[in-house]
Each structure stands twice: as C-alpha cells, then as structure tokens.
Amino acid sequence: MKQQSVIFFDIDGTLLTHEKKLPATTKKAIDKLKSDGHVTAIATGRAPFMFEDLRKELGMDTFVSYNGQYVVMNGEVLYKNPLNRQSLEELTAYALSHKHPLVYMDHEDMKANVPNHDYIEKSIASLKIGRFPAYDPHYYKGRELYQALLFCSEGEEKQYEQAFPDFEFIRWHPLSVDVLPKGGSKARGIEKIVEKLGFPPERQYAFGDGLNDIKMLSMIKNSVAMGNAEEKVKAAAKYITKSVEDRGIPHGLQIVVMLV
C-alpha cells in the first residue's frame, strides 16, 4: 500500500502474547510498516507507565492510553479526559463502605487506598509489569486521574453502575474493574489522532482482541480481530486474523494487504 496509513494496536493479547511476550514476527512486521512510511500507534487500557518499555522497543511515540482518556501524539499530550473529582470522592466512600479497595491512576503512577489487599495483588500481578501500587489513600485529591481500578468479585460492579452514572465500569479481570469517565473509549481517543492526521477512513486500521476493543473495531473501517478474541469482539471487526501466538499481526496485515 503506497499511501500513508495509520494502524492502531491493542497490547495485551494483540501485540503481546498471554505470557506478555512480544513475538519477533510482530516486531518485524511493525518495523516494516514504519519503514514504509505508515504511522503506527498503540491503543490500550493500560497506563502510560505500564508500557513504556514496549513503546521504546517498537519506537512508537503515539498512543491512546487508559482506554482513550490520555492521548499522546509524537510524544506530546493531545487529549486528556480525567475522572470527575466529586464523583470519584463519592465512589471512594461508597467502595470503602462495601470493603472494595480502589487504585487511583494518573499518567505517572498508581496508588492504592488500602494496604496489602489480595485482590489488588492478584489482578495487578497478571499484567506482569513488575510493580505494584503503593499505599496512599489521598492520592485522588488535587490531581487529575484518568482511571481507577475497583476491586470486587464478578457481578458486584452492577451496584456501582446504578449508583455512579458519571462512570463506566469495564471488567478486565475476575477481581477487578476499570473505572472510566462515562462515554470514554479507545474509539474516542483514536478520533483525536485521526482528526489531527487527516487520514480518511479507508486509511485507518486497528487490531484488538478484548471487550474494550469493540468500539474501536466497530469504528475503524479496516478493523482486525485477533484469532484469540471472544466471539463478540470478532463480530465487531471487519476481518479476523490468527491468534497472537500464531503470527496474528503479520497474518492480519497480509489480509488487509498492508504487508506482503
């Protein structure tokens, strides 16, 4: 494909395997895209500090993080959508009354409002980022936070959905739920980048595998679901490639005729 295009990649289950490894074939494919003049970008639910090493390894300085709440283009902040502070304070009190801990997250760090909780340790450990949130129950005060993590068993988030209409609650782990501003999504963050780039829909691509990728895959004209994605995620995409462990990225790029 001779015309310059932009390609967005989710991280977990898309760029990285379930063991959090970057396949050599994936890196090679992205290096080829960049050498051909295309714009490559990350679109993830992770915080920026959770994938700094990956950005350096892939040479990417454009990304959508926190499911669209903190967007950077060419190393410069393009868009921010922080959580409502008053609502977050009310959520904190409500969660504490139900013995559900929270982790507060900005673009630089994350802090827990309770010390040494099993749910926090188990869910954060699954990300294999080599760090855990320190204890600071007042971290949410006086700063912009782009996401919180609520720790509760599956189904318990329903009460929060009813009580806090300013937020969206998206489960990412059996013990944890992302807390995002209402209406926030990777799709909204991506819109900010493609508006700046000015690329038409036919030159926009996206790869993903998770439930938080559905809006992105539905919006992007040339969307690709990984073979390891759930069926509802695959249904949202235009194309389906192989699993992340089975050359899913290079195979998907061949499907959309960007890499042959």
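The values are calculated or read from the model by the stated rules, or taken from the named source; none is laboratory data. As the structure is a computational prediction, the values presented were derived from the model and not from experiment. For neighbour counting, all protein chains shown are included, and Cβ atoms are generated from backbone atoms with ideal geometry for every residue, glycine included. Please note that ligands, DNA and RNA were not included when accessible areas were found on the heavy atoms of the full protein model with its side chains. Shrake-Rupley method; radii C 1.70, N 1.55, O 1.52, S 1.80 Å.
Observations on the model:
- Filtered residues of the range 117-146 (kept if part of a helix (DSSP H, G or I), touching a strand residue (DSSP E or B) at 6+ places or on another chain (Cβ under 7 Å) and open to solvent by 80 Å² or more (accessible area, probe 1.4 Å)): none
- Some residue of the range 105-128 being of a type in the set (Val, Ile, Thr) and closer than 23 Å to residue 71 by Cβ: no
- Among residues of the range 201-218 that are of a type in the set (Val, Ile, Thr), those with a Cβ under 9 angstrom from a residue that is in a helix (DSSP H, G or I) and open to solvent by 50 Å² or more (accessible area, probe 1.4 Å), sequence gap 6+ or separate chain, pair up as 214/232; 214/235.
- There is no residue in the range 91-113 that is without any contact (Cβ under 8 Å) to a residue 40 or more places away in the chain, in contact with a Phe, Trp or Tyr (Cβ under 9 Å, 6 or more places away or on another chain) and open to solvent by 50 Å² or more (accessible area, probe 1.4 Å).
- Looking across the range 37-57, the residues that are without any contact (Cβ under 8 Å) to a residue 40 or more places away in the chain and in a helix (DSSP H, G or I) come down to 52, 53, 55, 56, 57.
- For the residues 29, 41, the requirement of being touching a Pro at 6+ places or on another chain (Cβ under 6 Å) and either modelled with pLDDT of 95 or more or surrounded by fewer than 16 Cβ atoms within 10 Å (Cβ to Cβ) (or both) singles out 29.
- Subset of the range 111-135 [within 17 Å of the chain's Cα centre (by Cα) and either basic (Lys, Arg) or over 19 Å from residue 19 (Cα atoms) (or both)]: 128
- All positions within the range 58-85 that are among the hydrophobic types (A, V, I, L, M, F, W, C) and either assigned to a strand (DSSP E or B) or under 15 Å from residue 196 (Cα atoms) (or both): 63, 64, 71, 72, 73, 77, 78
- Evaluation of residue 61 against (1) free of Cβ contacts under 8 Å to residues at least 60 places away in the same chain; (2) surrounded by 21 or more Cβ atoms within 10 Å (Cβ to Cβ) (one fails), failing number: (2)
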